[in-house]
Structure formats: C-alpha cells, structure tokens
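The values are calculated or read from the model by the stated rules, or taken from the named source; none is laboratory data. Please read these numbers as outputs of a predicted model, since none were measured by experiment. Glycine gets a Cβ as well: all are built from the backbone with ideal geometry, and neighbour counts include every protein chain shown.
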Amino acid sequence: MGEFDASPAASAPPRRRRRRRRGLIALLVVVVVLVAAVIAADVVARSLIASQIESSVRSSLEVDESVAIDADVEGFSALQQLAVGDLERVVVTTDRVDLGGLVGSARIVAEGVPIDTSQPVDTVDAVITTDEAAVAALTATLTTLPVDSVEIGDGEILVSATIDVFGLEIPLGLGLVPGASDGAIDFTPTTVSVNGGVVGLAEVGQLFGAAADGLTETRSFCIAASLPESVVLDDVTVGDGVVDLALTADGVVLTEDALATTGTCPE
C-alpha cells in the first residue's frame, strides 16, 4: 500500500493565497464603489447643467412654465467637461415656442458651450417646426383676401381664398413659397389658380382688376423681435405637412443681458 500524506500543507490552501484573494476582492469592491460614485456624480452634474440651460432657454424664448423643456448634455463625462470648462454638445428640445404669433416646436443644438457664460459659444443651430394650424394663424399676413383654408403642399403653402369681383365671389387658390429675409419669413406667390386652372401672375390684374391689388406681392412676417439679437433666420423650407425655420447663432454669448436683447422688426 502507498503512503498517505496527511500533513496540513496538503489538506488546506496556503494562508498567503487566501490573503491575496481577499485583498483582490477588497480592491475590486473599492473600484466598484468608486466607479459608482463617479457615475452618480456625473449624473448629478448633467442634471444640474441641464436645469440651468433649461432656465436660460425658457427666459430667452419666453417659454411658458407649463411647457416642458428638455436639455441633454452629450459627451463622455460631464465632470470632465466641467473640469475643462467647455461642454462638447448640448441638445435642447421643447414642444412649443411662440415667435410673435407663429407657434412651433424647437430643437436647438449648441457645440462648444463654455462654462464661463461671458465667453462665446462656438456654434448654435436650431430648427423651429410649424404645422398647418400654426401657418393658418397667419392668414392676415399671407393675403388680404378672405381665407377659407391653408394647406402645406409639395414645396409650397396652398391658400384657398375668395375674391370679390363686382359682387361675384370667385374661389381661387394661391401658392406661396416661404423664404428668409432679414429676420422675416417672406411669402412669395408663385401660382394662382381659378376653378382648377392655373393663371399666370401677370394676368391676375387683367382678370380681376382692383380686386386683385396686392395679390401677387411678396408679404413678410417678422420674427426677429421674438429672438435674441444674435440669432439669424437662415432658411425656410416646406416639408411633409410642416414648415421648418433654420436658425443659427455663431459666437453667441449666453449672458442674461445678451439673451434678453432681441432683434428688431420694421415698423
């Protein structure tokens, strides 16, 4: 029979190995706790930054307290961005902004946002999206004629109106293409239709006389007075049932005074 070794070294693991394992577990626990603490601090930091941004946007665009504003601080670590003194990218959305009577939703993207608000932001791009109901509220701007309906069609705004010619009410359609000009939305007539037939713009006056005065002229709705002075209306496009206003602000300063200073509209 072989010999059986019943020594303590053969029946139990070395104490040194047990201590090393316990030390490794303790280190892992410490690392996990530290990571959790950093993540929690980062979440708190993002929340505080977002709250401050939401307050600034609400004040500068005069958004009612009942309307939700969401701000998202993007990037790997908010704490690191705070340490550097510059936020990489901030996205702000809200369902309702009122630009002097034109209502829509907004999405604002700011890049290179300094913690020191006296320093300029690198770039700010925003899109205000309005629907048919919002555009229809501007009927006094769109045309001088009594408006029956407003639709957003393929690349243009379609206005159904009635023109009075010698006591005879004639329904017609007016196609408008919006554009941007000096802080205002221009509505330029491109087509006029009567009973489904297209009438040349040059012929409108001949057909309807004084009743058509101003019908083919470009009309404008200014929004500059509802925006910070540094914000520029770059473009207006017609999409699927919506009109998008593209805004930019390069080098804007996010101080309260700067945001409170609005653009001007012609009297």
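Here is a check on your reading of the model: is LEU158 buried (at least 19 other Cβ atoms within 10 Å of the Cβ) and not in a helix (DSSP H, G or I)? For LEU158, the condition - buried (at least 19 other Cβ atoms within 10 Å of the Cβ) and not in a helix (DSSP H, G or I) - is not met. Within the range 204-244, the set of residues being closer than 23 Å to ILE157 by Cα and among the acidic types (Asp, Glu) comprises ASP213, GLU217, ASP234, ASP235, ASP240, ASP244.
When restricted to residues that are of a type in the set (A, V, I, L, M), surrounded by fewer than 16 Cβ atoms within 10 Å (Cβ to Cβ) and in contact (Cβ under 8 Å) with a residue 60 or more places away in the chain, the range 107-123 contains 0. Just for the range 58-102: of the residues that are of a type in the set (S, T, N, Q) and surrounded by 13 or more Cβ atoms within 10 Å (Cβ to Cβ), which one is farthest from THR255 (Cα to Cα)? Residue satisfying both the conditions and the ranking: SER77.
The residue list ASP182, ASP240 contains one member that is touching a helix residue (DSSP H, G or I) at 6+ places or on another chain (Cβ under 8 Å) and more than 30 Å from GLN52 (Cα to Cα), which is ASP182.
Only one of the numbered conditions (1) surrounded by 15 or more Cβ atoms within 10 Å (Cβ to Cβ); (2) more than 20 Å from the chain's Cα centre (by Cα); (3) modelled with pLDDT under 90; (4) not polar (S, T, N, Q) is not met by ALA210, and that is (1).
Cβ separations smaller than 8 Å between residues 6+ apart or across chains give no pair from the range 62-78 residues that are at positive phi and assigned to a helix (DSSP H, G or I) to residues that are surrounded by 12 or more Cβ atoms within 10 Å (Cβ to Cβ) and not basic (Lys, Arg). Looking at the range 249-265, can you tell me whether even one residue there is small (Gly, Ala, Ser) and either in contact with a Pro (Cβ under 6 Å, 6 or more places away or on another chain) or within 24 Å of PRO171 (Cβ to Cβ) (or both)? Looking for residues that are small (Gly, Ala, Ser) and either in contact with a Pro (Cβ under 6 Å, 6 or more places away or on another chain) or within 24 Å of PRO171 (Cβ to Cβ) (or both), one finds at least one in the range 249-265, hence yes. Taken together, the criteria place GLU229 among residues that are charged (D, E, K, R) and crowded, with 16+ Cβ neighbours inside 10 Å.
Residues that are within 35 Å of the chain's Cα centre (by Cα) and in a loop (DSSP other than H, G, I, E, B) are absent from the range 189-200.
Residues that are touching a helix residue (DSSP H, G or I) at 6+ places or on another chain (Cβ under 6 Å) and without any contact (Cβ under 8 Å) to a residue 24 or more places away in the chain within the range 201-237 comprise VAL204, GLY205, listed in sequence order. Does the range 178-186 include one or more residues that are modelled with pLDDT of 90 or more, in a strand (DSSP E or B), among the hydroxyl-bearing types (Ser, Thr, Tyr) and within 27 Å of ALA246 (Cβ to Cβ)? Taking every residue of the range 178-186 in turn, at least one turns out to be modelled with pLDDT of 90 or more, in a strand (DSSP E or B), among the hydroxyl-bearing types (Ser, Thr, Tyr) and within 27 Å of ALA246 (Cβ to Cβ).
If the condition is being in contact (Cβ under 8 Å) with a residue 40 or more places away in the chain and hydrophobic (A, V, I, L, M, F, W, C), then the range 135-156 contributes VAL135, LEU138, LEU142, LEU145, ILE152. Quick one: would you say ALA126 is more than 20 Å from ASP235 (Cα to Cα) and either of a type in the set (Gly, Ala, Ser) or surrounded by 15 or more Cβ atoms within 10 Å (Cβ to Cβ) (or both)? In short, no.
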